[in-house]
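Note sheet for the following structure.
The numbers here are math on the coordinates, done by the rules we state, and not lab data. Treat the numbers as computed from the prediction; the structure is a model and nothing was measured. Cβ placement follows ideal geometry from the backbone for every residue including glycine, while neighbour counts extend to all protein chains displayed.
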Amino acid sequence: MSTSIREARENDAAACGRIIHAAFAAIADQHNFPRDFPSTEVASGLAAMLIGHPGFYGVVAESDGRIVGGNFLDERSTIGGVGPITIDPAVQNKGIGRQLMRAVMERATAKRMPGIRLVQDAFHSRSLCLYTRLGFATREPLSVMQGAPLKLKLPSYEVRPAGKADISDCNAMCRRVHGFDRGAELADAVVQGTAAVVERLGRITGYATDIGYFAHAVGESNEDVMALIGAASAFSGPGFLLPTRNHDVFCWCLDHGLRLVKQATLMTVGLYNEPAGAYLPSILY
């Protein structure tokens, strides 16, 4: 089939949302996992937000004048985050995904990004193979965790809402852990009222843009991340992503009644530093 790729426009949100919902539902149902998006309306709202946000770049695939797929690149940081990439289930396995991935990878190159990253569902073997062949290296197995809010406080760890005055300290800590900061994401979360910081001995030792699927967290220690998880009023979306190799935090979550929803994989192209601290990635990275 003949397919063309173009930049996403505001009036593409409904079509993109329909495809996002249908594509994620189809692969989740096939493998008997919970759906990431409960309805077309929720998926369309996400698509509209991504298309309308100046920090994201979106592309769509068209065939015979009809949108059959889409992909996005989060450009808010030095490192780009890819996704969600989705193709209409009726036209999958025809090379459209490869075209959409190449489009955002070329965009990242044009923006001189030193690296890009993504997170894929581990049960989706086709996407794992596609991304690997496009140059993405597997870096970290992730566990998606969900459950009731823990409503607990760790002794000596104080969690409070983050404000604009905290952004500089949080960015400095993120650079120490990852080698770069995610300041624009944090600034968005502060405005939205979802960001939190954890303090120990009067000093910020961790922060989270939220505890959930589209949020990330960074801490100097496992206890900092535990404190942020423990203080969360809810785990937004399908859950939060936890590096499975972090045995202590993973076991702590299980011991406190949180359940494993599914496994995922963090993959990268370009710059990657082994994190020098504890962290929770978002569904983008």
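Against the chain, whose longest principal axis comes from its Cα atoms, helix 13-31 is set at around 80 degrees. With everything on Cα atoms, drop me the angle between helix 96-110 and the longest principal axis of the chain, reported from 0 to 90° to the nearest 10. Long axis of 96-110 versus the principal axis of the chain: about 60 degrees.
Go through 261-267, 160-166 and give me the packing order, highest mean Cβ count within 10 Å leading. Present the calculation step by step, with values, prior to reporting the outcome.
Numbers: 261-267: 19.9, 160-166: 13.6.
The peptides rank, most packed first, as 261-267, 160-166.
For Ala195, the amide hydrogen comes within under 5 Å of the amide hydrogens of Ala162, Val190, counting only partners 5 or more places away or on other chains and with H modelled in the peptide plane. Once Rg and the Kirkwood radius are both taken over the C-alpha atoms of region 1-124, their ratio Rg/Rh works out to 0.95. Restricting region 121-162 to trypsin sites (Lys or Arg not before Pro) that sit in a DSSP loop and have at most 14 other Cβ atoms within 10 Å of their own Cβ leaves Lys151, Lys153.
State to the nearest 20 debye the size of the charge dipole of the chain about its Cα centre, where the only charges are +1 on K and R beta carbons and -1 on D and E beta carbons.
500 debye
Subtracting the Cα-Cα distance of Ser39 and Ala90 from 0.36 nm times their residue separation leaves 16.5 nm of extension gain.
For region 40-101, the Cβ-based charge dipole about the Cα centre amounts to some 140 debye (Lys, Arg positive; Asp, Glu negative; other atoms uncharged).
Helix 167-178 and the long axis of the chain differ in direction by around 80°, with both axes built from C-alpha atoms. Computed from the Cα positions only, the extents of the chain along the three principal axes stand at 62, 39, 32 Å, in decreasing order. Over the residues of the chain, the helix contribution to mean residue ellipticity at 222 nm works out to -10500 deg cm²/dmol, using -39500 (n - 2.57) for each DSSP H run of at least 4.
Annotation for Leu271 and Ala172: the two label points, set 7 Å from Cα along the Cα-Cβ direction, are 2.0 nm apart.
Each Cα pair of region 20-59 feeds into the Kirkwood radius, which the Stokes-Einstein equation turns, at 20 °C and 1.002 mPa s, into a diffusion coefficient of 195 µm²/s. With contacts taken as Cα pairs under 8 Å and at least 6 residues apart, region 64-151 reaches a relative contact order of 24 percent. Could you work out the relative contact order of the chain, using alpha carbon pairs under 8 angstrom and six or more residues apart, expressed as a whole percent? Over the chain, the number comes to 21 percent.
List residues of region 45-76, by number, whose backbone nitrogen lies under 16 Å from a label position 7 Å along Cα→C-beta of Val191. Once the point is set 7 Å along Cα→Cβ of Val191, 49-57, 75-76 turn out to lie under 16 Å by backbone N, inside region 45-76. Summed over all non-identical Cα pairs, the Kirkwood treatment of region 146-280 gives a radius of 14.9 Å. Label positions at Ser233 and Leu201, each projected 7 Å from the Cα along the C-beta direction, are separated by 3.2 nm. Considering only alpha-carbon pairs that sit under 8 angstrom and 6 or more positions apart, the relative contact order computed for region 146-280 is 31 percent.
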